[in-house]
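Here is the structure we will look at, set down as structure tokens.
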Amino acid sequence: DLHSFPTRRSSDLGSAGSLRFVVTRRSLIEALRREGMRITAPREAICAVLAEPDLGHVSVAELQQRAEQVLGRGIDLSTVYRTVDALQEAGIGHHVHLGHGASGIHLSEEEHHHLVCDLCGRTVDLPLEELGPLAELLERHGYEPGTVHFAIVSRCLSHRDDPGSAAD
């Protein structure tokens, strides 16, 4: 059962700044079953990829490619999207935009935002409680900071003096 896994806390930050979230292929398959999905070999391969340790944020195209490698044959893109949608409905998968490039899929039970370096692409999960003044600004203008759908694109300290950006 997915709900028996520990909930991530801001104190559970990994070395790359990602919130830790432990999930298994079996728990993802059970989540799909609860959403009424038939479990097929392609869906099992998708779950196997999503359960890989340190997967992080992955594009739908990359998820499809990696799942096809696991399965040993092609997987229809619509199957990947339906599987991701079902995981999102189950509350553990999220469609995210990380600045430039394709949108991605990210497994998480907690809402959070992302910080993304516009040069190296390094991505850090930012718990909502760490938004501080940004959360206050959103609330002052009548908005609530509860989504994982967007990223704050900036420059990481390793690249702050480098010229150019992915937006140039």
Failed criterion for Arg25 (all others in (1) modelled with pLDDT of 95 or more; (2) open to solvent by 30 Å² or more (accessible area, probe 1.4 Å); (3) in contact with a helix residue (DSSP H, G or I) (Cβ under 6 Å, 6 or more places away or on another chain) hold): (1)
Residue that is farthest from Ile92 (Cα to Cα), among those in the range 120-144 that are open to solvent by 60 Å² or more (accessible area, probe 1.4 Å), part of a loop (DSSP other than H, G, I, E, B) and not charged (D, E, K, R): His141
Evaluation of Arg82 against (1) farther than 16 Å from Leu32 by Cα; (2) basic (Lys, Arg); (3) part of a helix (DSSP H, G or I) (one fails), failing number: (1)
Residue satisfying condition, being β-branched (Val, Ile, Thr), buried (at least 18 other Cβ atoms within 10 Å of the Cβ) and touching a helix residue (DSSP H, G or I) at 6+ places or on another chain (Cβ under 8 Å), within set Val60, Val49: Val49
Residue match in the range 6-16 (condition: surrounded by fewer than 20 Cβ atoms within 10 Å (Cβ to Cβ), modelled with pLDDT under 70, in contact with a Pro (Cβ under 6 Å, 6 or more places away or on another chain) and under 30 Å from Leu134 (Cα atoms)): yes
Enumeration of residues in the range 64-84 that are over 20 Å from Asp125 (Cα atoms) and aliphatic (A, V, I, L, M): Ala67, Val70, Leu71, Ile75, Leu77, Val80
Residues satisfying the stated conditions in the range 87-98, i.e. within 19 Å of Arg33 (Cβ to Cβ), open to solvent by 10 Å² or more (accessible area, probe 1.4 Å) and in contact with a helix residue (DSSP H, G or I) (Cβ under 8 Å, 6 or more places away or on another chain): Ala90
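The values are calculated or read from the model by the stated rules, or taken from the named source; none is laboratory data. Remember, predicted model here, so these are calculated numbers, not experimental data. Reconstructed Cβ throughout: ideal geometry from the backbone, glycine too, with neighbour counts over all protein chains shown. All accessible areas refer to the heavy atoms of the entire protein, side chains included, with ligands and DNA or RNA removed. Shrake-Rupley method; radii C 1.70, N 1.55, O 1.52, S 1.80 Å.
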